[in-house]
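Chemist: Quick one: the structure is below, questions incoming.
The values are calculated or read from the model by the stated rules, or taken from the named source; none is laboratory data. All values derive from a computational prediction rather than experimental measurement. With ideal geometry, Cβ positions are generated from the backbone for all residues, glycine too; neighbour counts draw on all protein chains shown.
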Amino acid sequence: MMQDNAPLARTDRRDPTALYSGLLFIAFGIGFLVIGSGYEFGTARQMGPGYFPRVLSILLIALGAIVLLFERHAGEHKETPVSYRALLLIPLAAVVFAFSIRGAGIVPAVFVSALICSCASPELKARIVVLVAATLAVFSGAVFVKGLGLPIPLVGPWLGM
């Protein structure tokens, strides 16, 4: 009786995109960290020009590490169809936001953009979508206009305010 000494084939196929995504996040984080290291950091109360790039870089590196950690524990890769609706609507929401923030204001621009993004998923319920969009819009106005003092109107001239 002959024995087959051929190596056993792996039955689980892992998706390499998670590995590449994690490594890309880490690479961008390190790159931005190096670029931002030449700027003054400052403090949390008196932020210097290097504060935001460094904090964002550290967050990117941490996100990359988390993606790599979960990639190691991922199961078999399942093929999922491409969502052409999401490929169209999510960039459209960003464009609508960019063109409407000055004229409509931050609250309506965030609200409409969130509604457009939510249409990318057919599984979401309309009432929840409107509640989340309204919460995001009010929170964005509170943080960016009231909290940080950015010169963006809450509700802009297009809406008569």
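Chemist: For region 68-87, what are the residues that are at pLDDT 85 or above and surrounded by 13 or more Cβ atoms within 10 Å (Cβ to Cβ)?
Modeler: LEU68, SER83, ALA86
Chemist: Name the pairs whose Cβ atoms lie under 6 Å apart, with the first residue in region 100-115 and free of Cβ contacts under 8 Å to residues at least 60 places away in the same chain, the second surrounded by fewer than 23 Cβ atoms within 10 Å (Cβ to Cβ) and of a type in the set (S, T, N, Q), and 6 or more positions between them or separate chains?
Modeler: Pairs found: ILE106/SER140; ALA109/SER100; VAL110/SER140.
Chemist: Scan region 96-111 residue by residue and report those that are small (Gly, Ala, Ser) and assigned to a helix (DSSP H, G or I).
Modeler: ALA98, SER100, GLY103, ALA104, ALA109
Chemist: Right, here's the next one. Across region 135-161, what is the number of residues that are in a helix (DSSP H, G or I) and either in contact with a Gly (Cβ under 9 Å, 6 or more places away or on another chain) or farther than 19 Å from LEU89 by Cα (or both)?
Modeler: 14
Chemist: Within the group ALA120, ALA65, ALA114, ALA93, which residue is of a type in the set (A, V, I, L, M), assigned to a helix (DSSP H, G or I) and surrounded by fewer than 18 Cβ atoms within 10 Å (Cβ to Cβ)?
Modeler: ALA65
Chemist: Something else now. How about region 109-161: which of its residues are of a type in the set (Ser, Thr, Tyr) and either within 25 Å of ALA44 (Cα to Cα) or out of contact with any helix residue (DSSP H, G or I) (no Cβ under 8 Å at 6 or more places or on another chain) (or both)?
Modeler: Correct list: THR135, SER140.
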